[in-house]
Amino acid sequence: MIKNLKILIIGSTGELGSKLLKYCGKNKIKITAITGYNNKRKLKLQKIRFNVNNSFLLSEKVDQLNFKKFLKNSKINIVYFLDFGYKSIIYADLFLRNNTNSYLAIANKEMILAGGNLLIKKILKTKNNLIPLDSEHFSLFNLNLKNENIKKIFITASGGPFYFNKIINLNKVNLKQVLSHPKWKMGINNSIDSSNFVNKILEMYELSIIFKIDLTKIDFLISREAYIHSVVLNNDNTLNINCFDNDMLITLIKPLQNYYPNLSIRNNYEFMTPRKMKLEKFNDKRFKIIKYLNPLKKLNHFQQISFMLLNNFAQKRYLNSDLKYNDIVDYIIKNLKKINFNSKFNSFDDTIKFINYIKKEYDNFN
């Protein structure tokens, strides 16, 4: 065990947080602090089972304040953002004010989208390190990507519950079908996003922010086996095909390997089979996102955040039976055109103000 290594997991009660805690417990890696949101019982059980000194339930104001004090007064080597929602940029900001040469391991795409270039610049300026945990972005992590050297980058999608079942009418699917991902279990929001490919748009924005790549150069392909995670076509016409087994532990343990270089998981070395290496172009016109792909690549940062928020609004309406599943994308695009906001984000406070402005306007969207 490495002494004095401080590890914080934000979102420990979710799928990824639970997986990481279990792995750390098995390998006798001490966790300093964990947070959850609503699941008080699970957070308490995790604290006891894994002998964690500090835990915070962030849906409670007292715990929120105590967590902010903890961030201000603690030196942390690794912070995992495994939660959901843009508000974690507040916690990232506090962390970056107090730490250097540390690792931010981020699976929270809403936080990256909200923080944008401000977040990336601040991580670099404070001499900290970003490790993106989504498999698509993680697959590009070891490449020295430069916008001027790249013709095209493709991330991949597995196809979700509907792409490979061509007889399904998307106007008639029910919630159970939408949430039934064929490969892995995800939360409700991510499952909806995966089923209609909105998640790929969000991941394209995320890729552009993290690696400073023009959005017009980014697209996605279908990889049913979810073994190929990205493909890079360079200006010299060479290709990088980036693959690994579809196991999130591969990405989750990467920050830990900076301190525990012998950490590993069991690998499946049956690679390069035709089934695993198969890719296909996204060309199914049942999915409404297909006709908006090019316009969505032209959105600025304000519009990208608005797209993310409108998607959240649409999901709530769908789950409340106020919006049909196959109208989610149309709802986003229609209301995106109503948003006219021209300003510059100079701080995370500016970003939060903009998001609050959009949320106040929510009742005007229909």
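The values are calculated or read from the model by the stated rules, or taken from the named source; none is laboratory data. If you're wondering where the values come from, they're calculated on a predicted model, not measured in any experiment. Cβ: placed from backbone, ideal geometry, glycine included. Neighbour counts: every protein chain shown. For the accessible areas, the whole protein counts, side chains as well, though only heavy atoms, and no ligand, DNA or RNA atoms are used. Shrake-Rupley method; radii C 1.70, N 1.55, O 1.52, S 1.80 Å.
Structure values in brief
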item	result
Summed residue charge, Cβ within 14 Å of Leu319's Cβ, Lys/Arg positive, Asp/Glu negative	+1
In Hz, Karplus ³J(HN,Hα) per residue of region 3-16 (6.51, -1.76, 1.60; θ = phi - 60°; x = Gly, Pro)	6, 6, 6, 10, 10, 10, 10, 8, x, 6, 8, x, 4, 5
Region 175-231 - Kirkwood radius from inverse mean 1/r over Cα pairs (Å)	12.6 Å
Potential extension, Thr216-Asn51 segment - 0.36 nm per residue separation minus Cα distance	54.6 nm
Heavy atoms of Ser191: accessible area, 1.4 Å probe, square angstrom to 10	10 Å²
Hz values of 3J(HN,Hα) by residue in region 122-128 - Karplus curve (6.51, -1.76, 1.60), Gly and Pro given as x	5, 4, 5, 4, 8, 6, 9
Accessible area per residue, Å², region 1-45 with all protein chains present, probe 1.4 Å	57 Å²
Gain in span if fully extended, Glu148 to Ile120, counting 0.36 nm per residue against the direct Cα distance	8.2 nm
Theoretical gain in end-to-end length, Met272 to Tyr362 [0.36 nm per residue, Cα-Cα removed]	27.6 nm
Heavy-atom accessible surface of the chain: percent carbon and sulfur, 1.4 Å	48 percent
Counted charge near Leu71, where neighbours are those whose Cβ lies closer than 10 Å (Asp, Glu -1; Lys, Arg +1)	+3
Residue order for Tyr205, Tyr292 - accessible surface, 1.4 angstrom probe, largest first	Tyr292, Tyr205
Overall form of region 1-98 per C-alpha gyration tensor (a/c, 1.5; a/b vs b/c)	oblate
Counted charge near Thr35, where neighbours are those whose Cβ lies closer than 9 Å (Asp, Glu -1; Lys, Arg +1)	-2
Semi-axis lengths, Å, region 55-173, gyration tensor of Cα atoms, sqrt of 5 times eigenvalues	32, 23, 11
Mean separation of Cα contacts under 8 Å (6+ apart) over length of the chain, as relative contact order %	14 percent
Charge dipole (debye, nearest 20) of the chain; +1 at Cβ of Lys and Arg, -1 at Cβ of Asp and Glu	760 debye
³J(HN,Hα) computed for each position of region 46-51 - Karplus, 6.51 cos²θ - 1.76 cosθ + 1.60, integer Hz, glycine/proline x	4, 4, 6, 4, 9, 6
Nearest-20 debye value, region 81-130 charge dipole, Cβ charges on Lys, Arg, Asp, Glu	220 debye
222 nm mean residue ellipticity, helices alone, for the chain (DSSP H n ≥ 4; -39,500 (n - 2.57); rounded to 500)	-11500 deg cm²/dmol
Sequence-distant residues sharing a close amide H with Leu140 (under 5 Å, placed H)	none
